[in-house]
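The values are calculated or read from the model by the stated rules, or taken from the named source; none is laboratory data. Here the structure is a predicted model, which is why all the values come from computation and not from measurement. No Cβ is skipped: glycine too gets one built from the backbone with ideal geometry, and neighbour counts run over all protein chains shown. When the accessible area is computed, the model is the full protein with side chains, heavy atoms only, and any ligands, DNA or RNA have been set aside. Shrake-Rupley method; radii C 1.70, N 1.55, O 1.52, S 1.80 Å.
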Amino acid sequence: LFERYPLFDAIQFPANIFDHRFLAENIGGFILDRGIMAFCRSVYLQGLFLLPPESLGPQASHACGELLRLHEFAKVRGWKVDSLAFAFVNSFSHNNSLVIGMETAEQIYRNAENLKRSLPEEIRGELLLKFSAVADTIRDPRRWGS
């Protein structure tokens, strides 16, 4: 796909625990081989990962089961969900930059702390397997409520 478009200097794409599409079609190899700047967005899936599963409103209530699984996964392994989500996306070598929305100074500090934590390869592998088949209606916010 990307070989047809050699003029890109930078790209952005969603990347998170529920959305692994960025791994398809060797995007990582393409980015690294050509020195393209990559901006990964939706690290926290529009904030969904940061919500307690029981507090989901009607627009995202269909994601409750997957969100519960994610929160349990993090808890069992001694991670906070935000740290796990951040470290997951940051663990891929072709991700040059993460685009993260923040509203408070505390969120800025928390994300700065998340930068310091690396994800063990075994946990990354578990996440890729456990959340490989998340429905489009959950991983794509444009389809929430549909």
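What the table shows:
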item: Per-residue [θ]222 nm for the chain (sum of -39500 (n - 2.57) over DSSP H runs n ≥ 4, rounded to 500); result: -11000 deg cm²/dmol
item: C-alpha center-to-center spacing [region 103-132, region 47-99] in angstrom; result: 9 Å
item: GNM result for the chain, Cα springs below 10 Å: residue of S42, S91, S55 fluctuating most strongly; result: S55
item: Theoretical FRET efficiency, 1/(1+(r/R0)^6), r = Cβ-Cβ of N96 and E121, R0 25 Å, to 0.05; result: 0.75
item: Trypsin sites (Lys or Arg not before Pro) restricted to region 37-146 and DSSP loop, no more than 10 other C-beta within 10 Å; result: K116
item: Heavy-atom SASA rank of H20, H62, H71 (probe 1.4 Å, accessible area, largest first); result: H62, H71, H20
item: Inter-label distance, nm, simple model (7 Å from Cα along the C-beta direction), R143/R21; result: 0.9 nm
